[in-house]
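Comments concern the structure below.
The values are calculated or read from the model by the stated rules, or taken from the named source; none is laboratory data. Predicted model, so just to flag it, every value in this text is computed and none were measured. We place every Cβ from the backbone using ideal geometry, glycine too, and count neighbours over all the protein chains shown.
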Amino acid sequence: MKEDNNKDGKHLKTLANQFKAMSQKGTVGFYEETVLGDLAEYFWKNDEKDLAMEAIDWAMDLYPYSSSMIYLKAQLLYSNKKYPKALRELERALALDPMDVESRLLKAKMLIEMERYEQATETLEGMYNDGISTEGQSNVHLCYATIYENLDRHEDMFDSLCNAIRLDWDNEEIIERLGLCVEFSQRHEDHISFLQEYLDEKPFSSVAWYNLGHSYWFLKDYENAVDAFEYSFYIDKYFRQAFVDCAELFIKMGEYERALSCYKDAMENNPNDGELYIGIGNSLFMKKDIERALVAYKEATLNSPKNAEGYYGMGLCYMELELGDLALEGFLKACSLDDRREEFAAALGEAYYMLGDMASATEAFNRAIELAPEMSEYWVRLITFLMDEEQYEAALENLNDAFLNTYGTELLYCHAAYCFRTGNRKEGMNLLQGAMSENYTMHSSFLDICPDLGEDNEVMSFISAYRAEE
């Protein structure tokens, strides 16, 4: 079969060279319709678009009533994004053969590209009843899915994609698209149910198992999510992202050894992957194995010197080892590579604070807040820092700004701490009670800001009494 294909290829190349030679002389001769079609496709694939169009136009002169040749011209124009011209040719093709499925589908796709969704829908209507193949029906559903996607009707898009897959079980690209769709539609339970149906037909689809894992993860069914991810990379040992996502889920579950195992398995086929070294570093850091985590982060920066995460991880390790100068160096490098990450800016502030550079620490904390004003934790850290420096006026100003930008129980505890540290115990007790009523377990953050109150009998009795009422 390969030998025949090679012969056909050589024959087509010979015909193409003959056509070029005759074209240059302006004496193109007679060719059969199918040959001209093959030549047009050959030229198009070889990026000789002018010759492709010349072959088509010559065919249309010889065979003016050939709807297939007109369709081919429309298809080539569509590929070149010349939609109005392509649409005019399609109308000609459909006038000759009104029931041609390919022409109607291409017309619908073109109208979608032109954002003429109502006309695209009208073109698709009734096609299910025209005796078209299952593949054709699947393509109709895919067109509807694209219309719904462009109209932000993601629930309808989800249904159309499912219908398309049921008609074409072998089209794994639709499974990938369904996985993206569910992120918007949030129909994770339906997604799981459908993928179980799909996997009954295609049990060795690594993409389906992978997407199934994500929907289980969203629903916090972590054990089933892990099983799905593991099936995914057992089927495809080169499926790097399945290893990575499974490892990240293990980290979330606190199972750091299993996370490390996933990263190391992924390393077998990706030995110089800096992101995998970062994952290993994160797992070791969470295990409090700081020295080994530092080694992994350093390896990450050697393999991916432009990846800011590696330098950030090194900075975190040096902070744990109380090596402020080296931590500062790591965080500065991370910020230089990615100045839009609020956690990098906040970490830089912590390093400056450790080294006693209060002005730079304030600037870095403010940068973190500028990047993520909705994150109460950065406001709390800045306000705490200002109070530690006895800059109470600035602390109050930032506290007021914080409540204008965001809200969180942590801020209430911070406000209570401010009142205690400025001598307003009565207001502090009222705020402490309000914060505990929202989230009692977070009261430790209050004691972190005011550690001396851990020895205050009134405050501790109040906290204990509140716990007893819970």
Going by the structure shown, is residue 117 loosely packed, with under 14 Cβ neighbours inside 10 Å, farther than 23 Å from residue 42 by Cβ and of a type in the set (Ser, Thr, Tyr)? no
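Of all residues being surrounded by 17 or more Cβ atoms within 10 Å (Cβ to Cβ) and aliphatic (A, V, I, L, M) in the stretch 448-465, which is farthest from the chain's Cα centre (by Cα)? Just the residue, please.
Step one: filter the stretch 448-465 for residues surrounded by 17 or more Cβ atoms within 10 Å (Cβ to Cβ), giving 449-450, 453, 459, 463.
Filter once more, keeping what is aliphatic (A, V, I, L, M): 449, 453, 459, 463.
Numbers: 449: 37, 453: 45, 459: 47, 463: 43 Å.
Within the stretch 448-465, the match that is farthest from the chain's Cα centre (by Cα) is 459.
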For the list (1) buried (at least 16 other Cβ atoms within 10 Å of the Cβ); (2) over 31 Å from the mean Cα position of the chain (by Cα); (3) free of Cβ contacts under 8 Å to residues at least 40 places away in the same chain, I need the number of the one condition that residue 387 fails. (3)
With the first residue restricted to the stretch 400-418 and required to be closer than 16 Å to residue 439 by Cα, and the second required to be hydroxyl-bearing (Ser, Thr, Tyr), Cβ contacts under 6 Å at 6 or more apart or on different chains are 408/376; 410/376; 410/445; 411/376; 413/445
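Could you name every one of the helices (runs of 4 or more DSSP H) located completely within the stretch 99-218 that has at least 1 residues being of a type in the set (D, E, K, R)?
Numbers: elements: 101-113, 117-124, 134-150, 154-167, 172-185, 188-201, 206-218.
Fully inside the stretch 99-218 and qualifying: 101-113, 117-124, 134-150, 154-167, 172-185, 188-201.
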Residues that are modelled with pLDDT of 75 or more and aromatic (Phe, Trp, Tyr): does the stretch 49-70 have at least one? no
Taking into account only those residues within the stretch 36-79 that are touching a helix residue (DSSP H, G or I) at 6+ places or on another chain (Cβ under 7 Å) and assigned to a loop (DSSP other than H, G, I, E, B), which is farthest from residue 109 (Cα to Cα)? 63
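Can you go through 261, 283 and tell me which one is of a type in the set (Ser, Thr, Tyr), assigned to a helix (DSSP H, G or I) and surrounded by fewer than 24 Cβ atoms within 10 Å (Cβ to Cβ)? Walk me through how you get there before you give the answer.
On the way: 283 fails: surrounded by fewer than 24 Cβ atoms within 10 Å (Cβ to Cβ).
After applying the criteria, what remains is 261.
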For residue 374, are the conditions met, namely being surrounded by fewer than 19 Cβ atoms within 10 Å (Cβ to Cβ), charged (D, E, K, R), more than 28 Å from residue 349 (Cα to Cα) and within 35 Å of the chain's Cα centre (by Cα)? no
Name the pairs whose Cβ atoms lie under 8 Å apart, with the first residue in the stretch 353-367 and of a type in the set (D, E, K, R), the second assigned to a loop (DSSP other than H, G, I, E, B), and 6 or more positions between them or separate chains? none
Scanning for something crowded, with 16+ Cβ neighbours inside 10 Å and either in contact with a Gly (Cβ under 7 Å, 6 or more places away or on another chain) or over 23 Å from residue 304 (Cβ atoms) (or both), does the stretch 265-273 turn up at least one residue? no
Out of all the residues in the stretch 219-247, which are at negative phi and not in a helix (DSSP H, G or I)? 219, 221, 236, 237, 238, 239
Looking at the stretch 396-423 only, could you name the residues that are among the β-branched types (Val, Ile, Thr) and either buried (at least 18 other Cβ atoms within 10 Å of the Cβ) or more than 25 Å from residue 455 (Cα to Cα) (or both)? 406, 409
